[in-house]
Amino acid sequence: MEQKHDIRWYEEVDSTNNEMIRLSERLDNLSVIAAVFQTGGRGQRGNKWHSCRGENLTFSILLRFGIPSDTDPRYCSPLPAADQFKISELATIAQCRFLERNGIKDARIKWPNDIYVSDRKISGMLVENSLSGKHVRTSVVGIGLNVNQTVFPDWLPNPVSMAIITGMKYNTEELLSGFMDVFREKLTAGLAYGGGLKDEYESLMYRRGTESEFADLSSRPAYLPANPLVTGTGTGIKADGTVFRGTITGITDSGLLSVRLENGSVKHFGFKEIAYII
Ligand code: BTN
């Protein structure tokens with residue numbers, strides 16, 4: 001049967017993002033590299049990404065964008081660097097909709113890039129963009145989605161997988177092809193022609209509209225360890241920023257997180273400036 005999507009499966013690779021970055025000049029828009037096992041899977045903030053061999057999906061999608069002076073119909077419409085959060089919008093929404101189609105109705109986006117079901121993380125994403133002047137040239141969207149793994153190391157604070165939630169066992173190759181169907185649909189609805197998906201992103205946000213606790217890390221010195229939050233296991237996480245109560249109201253056009261504080265004012269946070277207390 002002819003493959004619907006250009007998905008290259010590797011038995012083993014250091015990181016699908018690394019491999020995609022190495023090959024990106026030679027590959028078409030929407031090519032996918034997937035690995036049965038990554039020897040050096042990378043997460044946010046310089047963390048490692050853990051995934052047992054063959055159990056989950058670890059893959060990277062290549063997006064190529066035109067530049068205003070050279071619009072190539074094979075590429076997505078030019079994307080100003082200031083709008084790069086639209087890539088996160090697209091890829092996180094696609095994951096929630098994909099999980100919904102697979103019977104997991106309550107997947108939510110934990111800003112900026114994680115997918116949570118209840119208070120547990122089912123997926124993480126590492127987006128790495130290359131710019132040309134003021135525009136995004138290529139984007140490597142790396143996704144790690146927990147599928148069949150049911151036992152996780154203790155040091156992971158709150159993992160969950162599709163199998164834990166539904167009790168089913170999945171064929172990862174079929175799942176990835178199904179995910180790419182959804183991803184392409186969302187691409188056409190938004191990013192491909194310069195549009196965004198902000199409203200849909202906000203409607204899917206974890207803890208939006210519910211007052212909860214956060215840690216303000218915005219004045220935390222940069223020399224302190226990369227992931228300051230995890231000082232406990234399970235949900236017993238302690239934050240070392242200033243803890244405050246607030247309510248997520250949405251995101252700004254550039255993708256900052258908007259939180260209404262107890263005094264009624266709204267503060268905007270960038271990545272690394274805020275942590276959720278879960
Ligand atoms: C995070 O939550 O910290 C982001 C995790 C991203 C992991 C994926 S797995 C596929 C791709 N290759 C990598 O090395 N990282 C991403």
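The values are calculated or read from the model by the stated rules, or taken from the named source; none is laboratory data. Bear in mind the structure is a predicted one, so any value in this text is a computation, not a measurement. Cβ: placed from backbone, ideal geometry, glycine included. Neighbour counts: every protein chain shown. Protein only, heavy atoms only, side chains kept; ligands, DNA and RNA dropped before computing areas. Shrake-Rupley method; radii C 1.70, N 1.55, O 1.52, S 1.80 Å.
Figures for the structure shown
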| read-out | value |
| --- | --- |
| Lone qualifier among 57, 62, 79 - being open to solvent by less than 20 Å² (accessible area, probe 1.4 Å) and away from the ligand (no atom under 16 Å from the Cβ) | 79 |
| Residue count, the stretch 33-54 (criterion: of a type in the set (Gly, Ala, Ser) and more than 9 Å from the ligand (Cβ to nearest atom)) | 2 |
| Residue check, residue 86 of a type in the set (D, E, K, R) and surrounded by 19 or more Cβ atoms within 10 Å (Cβ to Cβ) | yes |
| Unique match (being touching a strand residue (DSSP E or B) at 6+ places or on another chain (Cβ under 7 Å) and within 15 Å of the ligand (Cβ to nearest atom)) among 179, 152 | 152 |
| Restricting the stretch 104-146 to residues that are under 22 Å from residue 276 (Cβ atoms) and among the basic types (Lys, Arg), the residue that is nearest to the ligand (Cβ to nearest atom) | 121 |
| Residue count, the stretch 16-32 (criterion: open to solvent by 20 Å² or more (accessible area, probe 1.4 Å), under 21 Å from the mean Cα position of the chain (by Cα) and more than 13 Å from the ligand (Cβ to nearest atom)) | 1 |
| Every pair of residues 6+ apart whose Cβ atoms lie under 9 Å, when the first sits in the stretch 13-36 and is more than 18 Å from residue 124 (Cα to Cα) and β-branched (Val, Ile, Thr) while the second is assigned to a helix (DSSP H, G or I) and within 14 Å of the ligand (Cβ to nearest atom) | 13/19 |
| Pairs with Cβ under 9 Å, 6+ apart, first in the stretch 57-74 and within 30 Å of residue 146 (Cβ to Cβ) and in contact (Cβ under 8 Å) with a residue 40 or more places away in the chain, second in a loop (DSSP other than H, G, I, E, B) and of a type in the set (D, E, K, R) | 62/28; 64/28; 64/72; 64/74 |
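Here is a yes/no grid of residues against (1) open to solvent by 20 Å² or more (accessible area, probe 1.4 Å); (2) modelled with pLDDT of 85 or more:
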position	(1), (2)
159	yes, yes
167	yes, yes
173	yes, yes
178	yes, yes
187	no, yes
228	no, no
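Residues are listed down the side, and each one gets a yes or a no for (1) within 18 Å of residue 115 (Cβ to Cβ); (2) at pLDDT below 95; (3) in a strand (DSSP E or B); (4) touching a Pro at 6+ places or on another chain (Cβ under 9 Å):
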residue	(1), (2), (3), (4)
215	no, yes, yes, yes
232	no, yes, no, yes
235	yes, yes, no, yes
238	no, yes, no, no
248	yes, no, yes, no
267	no, no, yes, no
272	no, yes, no, no
275	yes, yes, yes, yes
